[in-house]
Amino acid sequence: QVQLVESGGGLVQAGGSLRLSCTASGRTFSAYAMGWFRQAPGKEREFVAVINRPGGTYYADSVKGRFTISRDNAKNTVYLQMISLKPEDTAVYYCAQAVTPGLVTTVDHFGSWGQGTQVTVSS
């Protein structure tokens, strides 16, 4: 089992930027895809971005061009750089490790989750 700890959330004005980090310990980090999801109040958890072992990426349409996922396997860390933030990006953001190396996007393909970090974008 892997332990995931997110950091970097906070309050930012619309148009601003934040970088989220997620550090993993335990299970082999580099062998699996890593993803970011988010959940706004009253809504279901939704896919944001995923990165596979060699660095291939895939994004939700709502964040494409504004968010960038990356990973540093030497540091067991995955990042989510967010720019041009919008109020609708406000949510708790979760880091997750997939149960496969591939670019998967659904919750059921991820077996380990962090505790979440709050991102609030004010208008």
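Considering (1) out of contact with any Gly (no Cβ under 9 Å at 6 or more places or on another chain); (2) open to solvent by 40 Å² or more (accessible area, probe 1.4 Å); (3) in a loop (DSSP other than H, G, I, E, B), the lone condition that Q1 does not fulfil carries the number (1). Of all residues in region 46-60, exactly one satisfies the criterion of being assigned to a strand (DSSP E or B), within 12 Å of V78 (Cβ to Cβ) and open to solvent by 40 Å² or more (accessible area, probe 1.4 Å), namely T57. With respect to the conditions (1) modelled with pLDDT under 95; (2) small (G, A, S); (3) part of a loop (DSSP other than H, G, I, E, B); (4) open to solvent by 30 Å² or more (accessible area, probe 1.4 Å), A74 lacks only one, and its number is (3). When E88 is tested against (1) acidic (D, E); (2) more than 19 Å from G114 (Cα to Cα); (3) part of a strand (DSSP E or B), just one condition goes unmet, and that condition is (3).
Exactly one residue out of K43, K64 is among the charged types (D, E, K, R), open to solvent by 70 Å² or more (accessible area, probe 1.4 Å) and either under 22 Å from Q115 (Cβ atoms) or part of a strand (DSSP E or B) (or both): that is K43.
Return yes or no: is T117 in contact with a Gly (Cβ under 9 Å, 6 or more places away or on another chain) and not aliphatic (A, V, I, L, M)? So T117 fits the description; yes.
Among the conditions (1) modelled with pLDDT of 95 or more; (2) in contact with a helix residue (DSSP H, G or I) (Cβ under 8 Å, 6 or more places away or on another chain); (3) surrounded by fewer than 17 Cβ atoms within 10 Å (Cβ to Cβ); (4) not basic (K, R), S30 misses just one, which is (1).
I'd like to know if region 13-27 contains one or more residues that are within 13 Å of the chain's Cα centre (by Cα), surrounded by fewer than 16 Cβ atoms within 10 Å (Cβ to Cβ) and not hydroxyl-bearing (S, T, Y). Yes. Determine whether region 78-101 contains at least one residue that is in contact with a Pro (Cβ under 8 Å, 6 or more places away or on another chain), touching a residue at least 12 places away in the same chain (Cβ under 8 Å) and either surrounded by fewer than 19 Cβ atoms within 10 Å (Cβ to Cβ) or aromatic (F, W, Y) (or both). The answer is no, given that none of the residues of region 78-101 is in contact with a Pro (Cβ under 8 Å, 6 or more places away or on another chain), touching a residue at least 12 places away in the same chain (Cβ under 8 Å) and either surrounded by fewer than 19 Cβ atoms within 10 Å (Cβ to Cβ) or aromatic (F, W, Y) (or both).
The values are calculated or read from the model by the stated rules, or taken from the named source; none is laboratory data. Source: prediction; values computed, not measured. Glycine also receives a Cβ, built like all others from the backbone with ideal geometry; neighbour counts cover every protein chain displayed. Areas reflect the complete protein model, heavy atoms only, side chains present, ligands, DNA and RNA absent. Shrake-Rupley method; radii C 1.70, N 1.55, O 1.52, S 1.80 Å.
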